Amino acid sequence: MASLDAAFDNRDRSANRVGRRYPLQHLDPHRLAPGAPGAAPKAARPIDVALRRIGEWLRDHQRAIHIAQWSVLFFYMALIVVPTLVPLPERTSHIWSHVTLLAQFTFWGIWWPGVLLSTVLVGRVWCGLLCPEGSLSERASRHGFGLATPRLFMWKGWPILAFIVTTIYGQMTSVYQYPLPVVIILGGSTVLAAGIGLLYGRDKRVWCRFLCPVSGVFRLLAKLAPLHFRTDQQAWRRYRRAPGTAKETVNCAPMVPIGVMRGASDCHMCGRCSGFRDAIVLERRSPNHEIVHVAGAEPKPWETVMLVVALMGVATGAFLWTTSDVFIAIKQTLAEWAVAHDAMWLIQPVLPWWILTNYPDQHDVMVPADGITLIVFVLGTAAVIACSALAALALATRALGRWRSARFHHLAQCLIPLGACGVFLGLSALTITMLRAEGFDPPFVPEGRALLLAGAALWCMVLAWQITGVHAGTHARALPRRLAATAAASLAVAVGLTSWVSLFFMG
Ligand code: SF4
């Protein structure tokens with residue numbers, strides 16, 4: 001631990017050095033609210049002052065953040081490793097009496113739903129302040145080989161591919177029930193993060209920026225956050241350092257181009273750049289702002305794929321298959337085919353647990369026919385949902401005038417609230433199942449789900465209306481075009497809503 005402490009100390013000193021170069025002058029409340037040119041500056045609201053102070057507290061207390069990160073890392077490793085050292089729980093075991101059930105409840109019942117919720121509420125604070133993989137990768141890269149990031153890593157499809165593969169593999173190996181698949185999926189991801197950090201970058205998070213399987217989801221969800229570090233680009237350009245002083249630097253581990261940062265998607269909210277060049281500040285904003293006013297300026301087709309195919313499609317399929325009659329029908333057909341063609345291996349548990357669930361002692365086995373059906377069902381569900389939603393979005397795009405792919409990808413972003421809500425409800429369904437198994441039956445669950453889904457759908461439609469306003473122009477046909485485009489985008493919302501309603505209310 002001595003070397004780790006030394007690393008913290010070095011980091012702190014450098015962070016504080018940077019911090020002292022752009023200290024409290026911007027806490028002057030009269031400088032906080034930009035007024036009209038020539039007008040007297042308005043006094044900032046207490047909430048703005050408080051947010052600014054929080055940003056600067058983060059910048060100046062990196063040591064406390066590092067201690068929190070190491071604490072989370074040790075807790076996380078314990079939750080992954082300890083359940084593999086004890087027998088699987090009995091039917092009479094409880095969350096409070098068996099470490100495996102405690103780890104399951106913590107990981108899948110509290111941790112993941114909590115991380116998703118926090119990203120929507122406060123941006124990627126989890127990534128920047130607590131994530132064990134991010135902190136480990138950054139720490140490893142500080143002392144590693146410092147190689148340049150390969151171009152191969154920069155392919156935007158990696159997080160999507162990794163998300164789809166881990167989601168399906170997790171279902172095949174029953175990662176929510178058994179500790180060994182957790183070691184492979186979460187432990188394997190942590191080892192990869194550390195290895196990538198050791199090889200590439202210097203003091204950076206190459207893993208988080210290009211490869212992390214959940215970074216694509218976090219990028220989308222962070223767009224809804226009402227908090228962000230905003231760069232005042234005029235102040236940035238205006239800034240001149242005092243003569244004779246050294247050039248200031250700030251280490252942004254996820255490599256965000258902070259001088260031109262316009263959104264919260266890539267920012268890990270670590271606070272290190274707070275106050276930098278007197279231009280960056282933690283601020284509140286409308287939760288619609290980034291989607292409506294920033295996302296359209298720089299269309300990102302990969303985000304559309306992540307949202308519509310992975311989040312609305314694959315994630316929904318992964319939650320739906322256990323209750324689906326279609327799944328049973330496909331499996332039945334495959335099993336009959338196997339018997340008719342003497343392919344008995346398809347209906348026998350011949351694969352090991354690390355490929356397909358195989359725990360005969362627990363009376364829990366999957367046969368290859370289950371695995372094949374699962375993959376077909378999840379990918380098929382994703383294809384149906386994605387094609388329907390994309391067709392509706394294409395219709396909305398055409399309703400606004402000539403085809404423009406930038407407009408299409410901008411309109412797709414209106415679906416983010418529903419994607420976020422669906423995956424949160426899907427994960428929290430595990431929380432509720434685990435609580436019910438312990439005899440606690442939380443009240444108003446169906447009502448709460450209905451309310452959240454209805455609210456998310458309504459939010460999507462408001463976003464669609466506002467996005468159409470950006471593209472429709474001001475001519476006489478603008479209003480009918482906006483109405484038609486919003487109606488078509490609402491069909492895409494209905495596609496997502498239908499899948500979640502069928503999971504929660506028709507299963
Ligand atoms: S832009 Fe970079 S340095 Fe600034 S808060 Fe975000 S992650 Fe931290």
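The values are calculated or read from the model by the stated rules, or taken from the named source; none is laboratory data. Bear in mind that the values here come from a model prediction, so they are computed numbers and not experimental data. Ideal geometry is used to build each Cβ from the backbone, glycine not excepted, and the neighbour counts take in all protein chains shown. Surface areas here come from the heavy atoms of the whole protein model, side chains and all, with no ligands, DNA or RNA. Shrake-Rupley method; radii C 1.70, N 1.55, O 1.52, S 1.80 Å.
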Selected residue (only one of PRO254, PRO213, PRO243 is touching a Cys at 6+ places or on another chain (Cβ under 6 Å) and outside the structural domain of LEU379 (by TED's automatic domain parsing)): PRO254
Which listed residue is open to solvent by less than 50 Å² (accessible area, probe 1.4 Å), of a type outside the set (Asp, Glu) and outside any helix (DSSP H, G or I), from LEU282, LEU307: LEU282
Single unsatisfied condition, ARG202 versus (1) open to solvent by 20 Å² or more (accessible area, probe 1.4 Å); (2) over 30 Å from VAL350 (Cα atoms); (3) touching a strand residue (DSSP E or B) at 6+ places or on another chain (Cβ under 8 Å): (3)
Hey, VAL292 more than 16 Å from the ligand (Cβ to nearest atom), surrounded by 15 or more Cβ atoms within 10 Å (Cβ to Cβ) and either of a type in the set (Val, Ile, Thr) or at pLDDT below 95 (or both) or not: yes
Index of the failed condition, ARG237 passing every other in (1) without any contact (Cβ under 8 Å) to a residue 60 or more places away in the chain; (2) in a helix (DSSP H, G or I); (3) in contact with a helix residue (DSSP H, G or I) (Cβ under 8 Å, 6 or more places away or on another chain); (4) more than 16 Å from the ligand (Cβ to nearest atom): (3)
Condition met for VAL376 (closer than 26 Å to SER499 by Cα and surrounded by fewer than 21 Cβ atoms within 10 Å (Cβ to Cβ)): yes
Filter result for the condition that a residue is within 23 Å of the chain's Cα centre (by Cα) and part of a loop (DSSP other than H, G, I, E, B), over THR106, THR119, THR149, THR92: THR149
Segment 386-402 - residue that is of a type outside the set (A, V, I, L, M, F, W, C) and not in a helix (DSSP H, G or I) and, of those, least open to solvent (accessible area, probe 1.4 Å): GLY401
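Residue-wise test of (1) surrounded by 18 or more Cβ atoms within 10 Å (Cβ to Cβ); (2) assigned by TED's automatic domain parsing to the domain that holds VAL120; (3) farther than 28 Å from LEU117 by Cα.
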{"position": "TYR359", "(1), (2), (3)": "no, no, yes"}
{"position": "ALA369", "(1), (2), (3)": "yes, no, yes"}
{"position": "ILE372", "(1), (2), (3)": "no, no, yes"}
{"position": "VAL384", "(1), (2), (3)": "no, no, no"}
{"position": "PHE408", "(1), (2), (3)": "yes, no, no"}
{"position": "ALA412", "(1), (2), (3)": "yes, no, no"}
{"position": "GLY422", "(1), (2), (3)": "yes, no, no"}
{"position": "LEU427", "(1), (2), (3)": "yes, no, no"}
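Quick one: would you say THR84 is part of a helix (DSSP H, G or I) and away from the ligand (no atom under 16 Å from the Cβ)?
Details: part of a helix (DSSP H, G or I): yes; away from the ligand (no atom under 16 Å from the Cβ): yes.
Against the criterion (part of a helix (DSSP H, G or I) and away from the ligand (no atom under 16 Å from the Cβ)), THR84 qualifies.
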Condition check for LEU180: away from the ligand (no atom under 15 Å from the Cβ) and either in contact with a strand residue (DSSP E or B) (Cβ under 8 Å, 6 or more places away or on another chain) or within 24 Å of ILE416 (Cα to Cα) (or both): no
For ALA315: the one exception among (1) farther than 30 Å from GLN348 by Cα; (2) in contact (Cβ under 8 Å) with a residue 24 or more places away in the chain: (1)
Residue in segment 481-500 that is of a type in the set (D, E, K, R) and part of a loop (DSSP other than H, G, I, E, B) present: no
Residue in segment 440-447 that is within 26 Å of the chain's Cα centre (by Cα) and among the hydrophobic types (A, V, I, L, M, F, W, C) present: yes
Any pair with Cβ under 7 angstrom, 6 or more apart, that starts in segment 271-289 at a residue that is away from the ligand (no atom under 12 Å from the Cβ) and ends at one that is among the β-branched types (Val, Ile, Thr): ARG284/ILE47
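Hey, among the residues in segment 225-239 that are among the basic types (Lys, Arg) and surrounded by fewer than 15 Cβ atoms within 10 Å (Cβ to Cβ), which one's farthest from the chain's Cα centre (by Cα)?
Restricting attention to segment 225-239, the residues satisfying the condition of being among the basic types (Lys, Arg) are 230, 237-238.
This time we only want the ones that are surrounded by fewer than 15 Cβ atoms within 10 Å (Cβ to Cβ), so: 237-238.
Numbers: ARG237: 32, ARG238: 35 Å.
The extreme case among them is ARG238.
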Breaking point among (1) surrounded by fewer than 24 Cβ atoms within 10 Å (Cβ to Cβ); (2) closer than 28 Å to TRP155 by Cα, for MET312: (1)
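I'm trying to understand the selection: among the residues of segment 295-304, which are assigned to a loop (DSSP other than H, G, I, E, B), open to solvent by 60 Å² or more (accessible area, probe 1.4 Å) and either in contact (Cβ under 8 Å) with a residue 60 or more places away in the chain or among the aliphatic types (A, V, I, L, M) (or both)?
Taking segment 295-304 and keeping what is assigned to a loop (DSSP other than H, G, I, E, B), we get 295-300.
From the residues that got through so far, the ones that are open to solvent by 60 Å² or more (accessible area, probe 1.4 Å) too are 297-298, 300.
Listed by number, the residues that qualify are ALA297, LYS300.
Would it be correct to say that GLY259 is assigned to a helix (DSSP H, G or I), open to solvent by 10 Å² or more (accessible area, probe 1.4 Å) and within 14 Å of the ligand (Cβ to nearest atom)?
So GLY259 fits the description; yes.
Here is a yes/no grid of residues against (1) in contact with a helix residue (DSSP H, G or I) (Cβ under 7 Å, 6 or more places away or on another chain); (2) modelled with pLDDT under 90; (3) surrounded by fewer than 19 Cβ atoms within 10 Å (Cβ to Cβ):
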residue	(1), (2), (3)
THR433	no, no, yes
GLY439	no, no, yes
GLU447	no, no, yes
ALA450	no, no, yes
HIS471	yes, no, no
LEU479	no, no, yes
ALA484	yes, no, yes
Count - residues of segment 336-370 that are farther than 17 Å from TYR178 by Cα and in a helix (DSSP H, G or I): 12
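Do you know which of the residues in segment 240-256 that are within 14 Å of the ligand (Cβ to nearest atom), in contact (Cβ under 8 Å) with a residue 24 or more places away in the chain and open to solvent by 10 Å² or more (accessible area, probe 1.4 Å) is nearest to GLY188 (Cα to Cα)? Reasoning before the result, please.
In the first step, residues of segment 240-256 are kept if they are within 14 Å of the ligand (Cβ to nearest atom); the result is 248-256.
Next, only the ones that are in contact (Cβ under 8 Å) with a residue 24 or more places away in the chain stay: 248-251, 253-255.
Now narrow it down to the ones that are open to solvent by 10 Å² or more (accessible area, probe 1.4 Å): 248-251, 255.
Details: GLU248: 37, THR249: 34, VAL250: 31, ASN251: 27, MET255: 24 Å.
Within segment 240-256, the match that is nearest to GLY188 (Cα to Cα) is MET255.
Out of segment 205-234, which residues are part of a loop (DSSP other than H, G, I, E, B) and in contact with a strand residue (DSSP E or B) (Cβ under 9 Å, 6 or more places away or on another chain)?
In the first step, residues of segment 205-234 are kept if they are part of a loop (DSSP other than H, G, I, E, B); the result is 205, 212-214, 223-226, 232.
Once the filter is applied, which keeps residues that are part of a loop (DSSP other than H, G, I, E, B) and in contact with a strand residue (DSSP E or B) (Cβ under 9 Å, 6 or more places away or on another chain), segment 205-234 yields PRO226, ASP232.
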